[in-house]
1. What tally of residues in the stretch 181-210 results from selecting those that are outside any loop (DSSP other than H, G, I, E, B), within 22 Å of Gly244 (Cα to Cα) and of a type outside the set (Phe, Trp, Tyr)?
2. Do the conditions hold for Phe362, that is, is it of a type in the set (Phe, Trp, Tyr) and assigned by TED's automatic domain parsing to the domain that holds Ala192?
3. Would you check if His386 is assigned by TED's automatic domain parsing to the domain that holds Gly326 and surrounded by 23 or more Cβ atoms within 10 Å (Cβ to Cβ)?
4. Evaluate the following for Asp223: is it closer than 25 Å to Arg166 by Cα and not assigned by TED's automatic domain parsing to the domain that holds Ala385?
5. With the condition kept exactly as written, say whether any residue in the stretch 388-404 is assigned to a helix (DSSP H, G or I), over 23 Å from the mean Cα position of the chain (by Cα) and either at pLDDT below 95 or β-branched (Val, Ile, Thr) (or both).
6. Any residue in the stretch 358-378 that is assigned to a loop (DSSP other than H, G, I, E, B) sitting within a Cβ distance under 8 Å of a residue that is of a type in the set (Phe, Trp, Tyr)? List the pairs, counting only those 6 or more apart or interchain.
7. Say whether the condition of being of a type in the set (D, E, K, R) and either closer than 22 Å to Gly288 by Cα or modelled with pLDDT of 95 or more (or both) is met by at least one residue in the stretch 154-164.
8. If I ask for residues that are over 28 Å from Leu69 (Cα atoms) and surrounded by 15 or more Cβ atoms within 10 Å (Cβ to Cβ), which ones from the stretch 331-357 would you list?
Amino acid sequence: MTEFRPSADATLRQRAARVVPGAMWGHMNAARLPAAYPQYFRRAKGSRLWDVEGREYIDYMCSWGPMLLGYNDPDVNAAADEQRALGDIFNGPTERMVELAEEIVGTVVHADWAMFQKNGTDATTICAMTAREATGKRKLLVATGAYHGAVPWCNPYPNGATAEDRVHLIRYDYNDIASLERAAAEAGDDLAGIFVSAFKHDLGKTHVLPTQAFAKAARAICDRTGAALIVDDVRASLRLHMGGSWELVGVKPDLAAWSKSIANGYALAAVTGNDKFRDAATRIFVTGSFWYGAMSMAAGLATWRKMKAIDGIGIMQRMGQRLRDGIDAQAKAHGVKLQQSGPVQMPVILFDNDDNREKGWFFCTEALKRGVYLHATHTMFLSAAHTADDIDRTLEATDAALAEVARRFG
């Protein structure tokens, strides 16, 4: 009788369960995904990653956003390695911090200054604190369903937080000017800032770009009240516009939060702002033991420069459009009704009449079996490492997956 041996992935899950609460946490918990999805990975290169079983995938999650130029980009790694040889953490920052701040201020249209952190939540929290310090007010407007971080002031989940943590948040509906005006009126003379996402990218919902009218209305309210217009560019960082995502609607924020992709996978976040909020940013107390790590800043500098040199956004747009057009054609051919939304470089695919996402996860699992890693509800990501060959191989997998969807669901 053959002895049953659990897979390497299953063994790691068992070991983790003994020493890690819940074995995994947050958005990277594969226990929330269909059983076919791996939890543990071994290596990655370009647009590909390999799990601990050695299975290869063309990846459309890009580490949930950070991989912009592709995994293990040689130019970014070379910059980080050069700094590693000199050291990473010191008693103060290195020249890389100044160079990176200069690069960002010279690129981001609204920015007169930049300051650095490690995570997107760090950046959004600093934006909130800066807005409150500058205005002396408390209320923050946030869109219903929007995600701005995993700390009590904005965490959408109740566990471990109290209602009082979010007592100064007022909700509005994204792209709904009347709703935004009502929220501002509710804040009255206590409005510190308005948070807006790069676009509406709520989990499991159709992704919607901001209208120019909505963006201008948000800007007008902040101009009228002295509040800060804050763009949360954490998820979209450098994928939509090098100068900031709301350049696409012609509106400049006062503050913006950046992270995920700005150092191509090295841990880095940033807040950018205009001179109106410079003094307030100097008065708040924020810090982190590893915020001034020079390796991440060297990687960030290399990332921003290479994105400009290769027109990384253009590459992602072309490959994203190739993928979107291909899947649209396949869906029509198989008689499967679905909608693709969001920018083509940050897509989501949702099936009609699929409230429980059974079709979506079945489609993704079938694609996974064929070596393509997709997600049924979360924003997906293309990188500048995705090639036409990657897209064509992906379309072979999605064609077969859609055929299976048609067979099972009609």
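1. Residues in the stretch 181-210 being outside any loop (DSSP other than H, G, I, E, B), within 22 Å of Gly244 (Cα to Cα) and of a type outside the set (Phe, Trp, Tyr): 7 in total.
2. Working: of a type in the set (Phe, Trp, Tyr): yes; assigned by TED's automatic domain parsing to the domain that holds Ala192: no.
The answer is no for Phe362.
3. Details: assigned by TED's automatic domain parsing to the domain that holds Gly326: yes; surrounded by 23 or more Cβ atoms within 10 Å (Cβ to Cβ): yes.
It is true that His386 is assigned by TED's automatic domain parsing to the domain that holds Gly326 and surrounded by 23 or more Cβ atoms within 10 Å (Cβ to Cβ).
4. Details: closer than 25 Å to Arg166 by Cα: yes; not assigned by TED's automatic domain parsing to the domain that holds Ala385: yes.
Answer is yes for this residue.
5. Within the stretch 388-404, the first condition is being assigned to a helix (DSSP H, G or I), and the residues that meet it are 388-404.
Now restrict to residues that are over 23 Å from the mean Cα position of the chain (by Cα): 388-389, 392-393, 395-404.
Okay, now just the ones that are also either at pLDDT below 95 or β-branched (Val, Ile, Thr) (or both), so 398.
Yes, the stretch 388-404 contains at least one residue that is assigned to a helix (DSSP H, G or I), over 23 Å from the mean Cα position of the chain (by Cα) and either at pLDDT below 95 or β-branched (Val, Ile, Thr) (or both).
6. Hits for this filter: Gly371/Tyr57; Leu374/Tyr60; Leu374/Phe363; His375/Tyr60; Ala376/Trp361; Ala376/Phe363; His378/Trp64.
7. Checked against the condition, which is being of a type in the set (D, E, K, R) and either closer than 22 Å to Gly288 by Cα or modelled with pLDDT of 95 or more (or both), the stretch 154-164 yields no hits at all.
8. Ala331, His334, Val336, Leu338, Phe351, Asp354, Arg357
The values are calculated or read from the model by the stated rules, or taken from the named source; none is laboratory data. Small disclaimer: the values here were computed from a predicted structure and weren't measured. Quick reminder, even Gly has a Cβ in these numbers, built from the backbone with ideal geometry, and neighbours come from all protein chains shown.
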